[in-house]
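Novice: Structure incoming, see below.
The values are calculated or read from the model by the stated rules, or taken from the named source; none is laboratory data. Keep in mind the model is a prediction, meaning the values are calculated, not measured. As a convention, Cβ positions derive from the backbone with ideal geometry for all residues, glycine included, and neighbour counts pool all protein chains shown. Side chains included, ligands, DNA and RNA excluded: accessible areas come from the protein's heavy atoms. Shrake-Rupley method; radii C 1.70, N 1.55, O 1.52, S 1.80 Å.
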Amino acid sequence: MFIRKGGPPPAKLRVHQIPPVAISWERADVFKTGGWRNVTPRYVKRLPPCREGCPVGNDIEGWLVAASEKRWDEAVRLLIAEQPLPAVCGRVCYHPCETACNRGELDESVSIRAVERYLGDLVHKMEHTGTRPCAPTIKPNGAGVCILGSGPAGLAAAWLLVRLGHRVEVRERAPLPGGLLRYGIPSYRLPRDVLDRELSRLEHIGVQFRCGESINPAEGISQMRKGYDAVFLAPGAAGHRSSGIEGAPAGVVIGAIEFLRQIADYPPLPPPPQSGGRNEDNPPLPPPSI
């Protein structure tokens, strides 16, 4: 039975005159009906969770969407617009963006680092075929900057300064550039050919490297600034914490950074002998005695 116009008010309806209604014994806020349809949404401009979780704020959602639609040129352009070393970061980054990805609440987070690694390798393939997506578009402005240190901070600063039109020279006391990328991360985690490709790309856009040069602290910054308009100090994070063990003999207890550097400087091991062959320098061991 329905309430008709001109009938008794709802407060004076009898039981048999009350129309049937839906009653829910659970929470009703999941049903966007009733009063919720009249609520005006409040728009809040925020970053996507993945980009908000990225320490450097890369345009993750931009190149992820482009890559999902196989617009590879646009995906690469968006990636290298904010990322100087995409192939390196796609291998060694601890991907906090994936931890912040809200897709994990549904099934699992998007493999953002894997996509970045693929696009970073795609940059090298595009350059190998003659396409240079990372060529600078700003003309030189005549200003020069000297960067001390070729680690991640020094390389990122050099990449950005060149894109702004500055003349950039990177000085490194080690024989090869890269800093902790070369002397702190093992080659199984970051292959040296990948790092060399990234450094070659920086050289192509105008970054100059001078390795094997130690800076005399007595000269001061004023001496280093000769021929440059500014000096950027990027000495790196080559220090390590002390174990606090008293009486530890020098050379026996070493820090992790020094250990990794020694591993990086150690010559590679010779390849194993061919199966079925005989290695005269390393004869087979006798069978164990029981």
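Novice: Give me the residue from the range 158-179 that is of a type in the set (A, V, I, L, M, F, W, C), open to solvent by 20 Å² or more (accessible area, probe 1.4 Å) and out of contact with any helix residue (DSSP H, G or I) (no Cβ under 7 Å at 6 or more places or on another chain) and, out of that set, nearest to ASN141 (Cα to Cα).
Specialist: So, considering only residues that are of a type in the set (A, V, I, L, M, F, W, C), open to solvent by 20 Å² or more (accessible area, probe 1.4 Å) and out of contact with any helix residue (DSSP H, G or I) (no Cβ under 7 Å at 6 or more places or on another chain), the one nearest to ASN141 (Cα to Cα) is LEU164.
Novice: Right, another one. Restricting to the range 104-145, and then to whatever is β-branched (Val, Ile, Thr) and modelled with pLDDT of 80 or more, can you tell me which residue is most open to solvent (accessible area, probe 1.4 Å)? Walk me through it before giving the result.
Specialist: Residues of the range 104-145 that are β-branched (Val, Ile, Thr), as a first pass: 110, 112, 115, 123, 129, 131, 137-138, 145.
Applying the additional criterion that residues be modelled with pLDDT of 80 or more yields 110, 112, 115, 123, 145.
Numbers: VAL110: 57, ILE112: 4, VAL115: 39, VAL123: 1, VAL145: 15 Å².
Checking each candidate, the answer is VAL110.
Novice: Restricting to the range 76-89, name every residue that is over 16 Å from ASP196 (Cβ atoms) and open to solvent by less than 10 Å² (accessible area, probe 1.4 Å).
Specialist: Passing the criteria: VAL76, LEU79, ILE80.
Novice: Identify, please: which residue in the range 145-154 is part of a helix (DSSP H, G or I) and closer than 16 Å to VAL231 by Cβ and is, among those, nearest to the chain's Cα centre (by Cα)? Working first, answer last.
Specialist: Residues of the range 145-154 that are part of a helix (DSSP H, G or I), as a first pass: 152-154.
Okay, now just the ones that are also closer than 16 Å to VAL231 by Cβ, so 153-154.
Working: ALA153: 13, GLY154: 16 Å.
Checked the range 145-154; the qualifying residue nearest to the chain's Cα centre (by Cα) is ALA153.
Novice: Also, quick follow-up: Only residues in the range 151-177 that are in contact (Cβ under 8 Å) with a residue 60 or more places away in the chain count as the first member; pair them with residues that are outside any loop (DSSP other than H, G, I, E, B) and open to solvent by 60 Å² or more (accessible area, probe 1.4 Å), Cβ under 6 angstrom, at least 6 apart or cross-chain, and list the lot.
Specialist: As it stands, the answer is ALA157/PHE232, since those pairs meet every condition given.
Novice: Right, next: I'd like the full set of residues that are assigned to a helix (DSSP H, G or I) and open to solvent by less than 40 Å² (accessible area, probe 1.4 Å), limited to the range 49-67.
Specialist: If the condition is that a residue be assigned to a helix (DSSP H, G or I) and open to solvent by less than 40 Å² (accessible area, probe 1.4 Å), then CYS50, GLY53, ILE60, GLY62, TRP63, LEU64, ALA66, ALA67 are the ones that fit.
Novice: Can we say VAL39 is β-branched (Val, Ile, Thr), under 45 Å from the mean Cα position of the chain (by Cα) and either exposed (fewer than 10 other Cβ atoms within 10 Å of the Cβ) or at pLDDT 75 or above (or both)?
Specialist: Details: β-branched (Val, Ile, Thr): yes; under 45 Å from the mean Cα position of the chain (by Cα): yes; either exposed (fewer than 10 other Cβ atoms within 10 Å of the Cβ) or at pLDDT 75 or above (or both): yes.
So VAL39 passes the test.
Novice: Continuing with the same structure: Report the residue count in the range 88-122 for those that are part of a loop (DSSP other than H, G, I, E, B) and either among the acidic types (Asp, Glu) or in contact with a Phe, Trp or Tyr (Cβ under 8 Å, 6 or more places away or on another chain) (or both).
Specialist: Number of matching residues: 2.
Residue-wise test of (1) at pLDDT 65 or above; (2) touching a strand residue (DSSP E or B) at 6+ places or on another chain (Cβ under 8 Å); (3) aromatic (Phe, Trp, Tyr); (4) within 30 Å of PRO152 (Cα to Cα).
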site	(1), (2), (3), (4)
GLY236	yes, no, no, yes
GLY247	yes, no, no, no
PHE259	yes, no, yes, yes
PRO283	no, no, no, no
PRO286	no, no, no, no
SER289	no, no, no, no
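Novice: Mind listing whichever residues of the range 37-89 are among the aliphatic types (A, V, I, L, M) and touching a residue at least 24 places away in the same chain (Cβ under 8 Å)?
Specialist: Listed by number, the residues that qualify are VAL56, ILE60, LEU64, ALA67, ALA75, VAL76, LEU79, ILE80, LEU85, ALA87, VAL88.
Novice: Do you know which residues across the range 184-219 are open to solvent by less than 20 Å² (accessible area, probe 1.4 Å) and farther than 27 Å from PRO140 by Cα?
Specialist: GLY184, LEU190, VAL194 - these are the residues of the range 184-219 that are open to solvent by less than 20 Å² (accessible area, probe 1.4 Å) and farther than 27 Å from PRO140 by Cα.
Novice: Moving on. Scan the range 174-232 residue by residue and report those that are acidic (Asp, Glu) and either closer than 24 Å to THR129 by Cα or in a loop (DSSP other than H, G, I, E, B) (or both).
Specialist: ASP193, ASP196, GLU198, GLU203, GLU213, ASP229
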